[in-house]
């Protein structure tokens, strides 16, 4: 399994992972195309033998103290193998390379698996925002410090 920056040829498979993970709440295909153009250094995929196993989308702007993990998904066929952790560590390295000192992310408070992963990686809950994803769909904001790449 390797984690690497996404390329245009990855977009159909990446969108397939997104759709499998989020169904009707999935980002549309064009979102991935736009993210590839806008934040190529922090749009990473996990690949094994030519198959995209998962992706992470992050964004950090020059001069900003924090980066945001915008989305993370692992294909159901590849879950339970530490791929989510590898992807998060990769995007944290990308944030560090851009000079960010902390990472922020949001997750549904009902997504126990994602919460466990982020807590394992040192994220702490900052607050919960009601109805962020729509009526009755809250989000938890989490944060952690960013270390030097690879740390």
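Here, each number is a calculation from the coordinates, and none is a lab measurement. Because the structure is a prediction, the values reported are computed rather than measured. Don't worry about glycine lacking a Cβ; one is built from the backbone with ideal geometry, like all the others, and counts go over all protein chains shown.
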> Under a plain spin-label model, where a point goes 7 Å from the Cα along Cα-to-Cβ, how far apart in nm are residue 126 and residue 24?
Replying inline: 3.1 nm
> Where in region 39-60 is the amide nitrogen less than 19 Å from a point lying 7 Å along the Cα-to-Cβ axis of residue 31?
Replying inline: 39-46, 53-60
> How many nm separate the modelled label positions at residue 65 and residue 8, each set 7 Å beyond the Cα in the direction of the Cβ?
Replying inline: 3.9 nm
> Given that just one value was derived from the coordinates, which of (i) 1.25; (ii) 0.98; (iii) 0.92 is Cα Rg over 2.2 N^0.38 Å?
Replying inline: (ii)
>> Highest mean first, how do 113-126, 86-99, 69-82 rank when packing is the count of other Cβ atoms within 10 Å averaged over residues?
In response: 86-99, 69-82, 113-126
>> Suppose the chain between residue 110 and residue 77 were pulled fully straight at 0.36 nm per residue; how much longer would it get relative to their current alpha carbon spacing?
In response: 9.7 nm
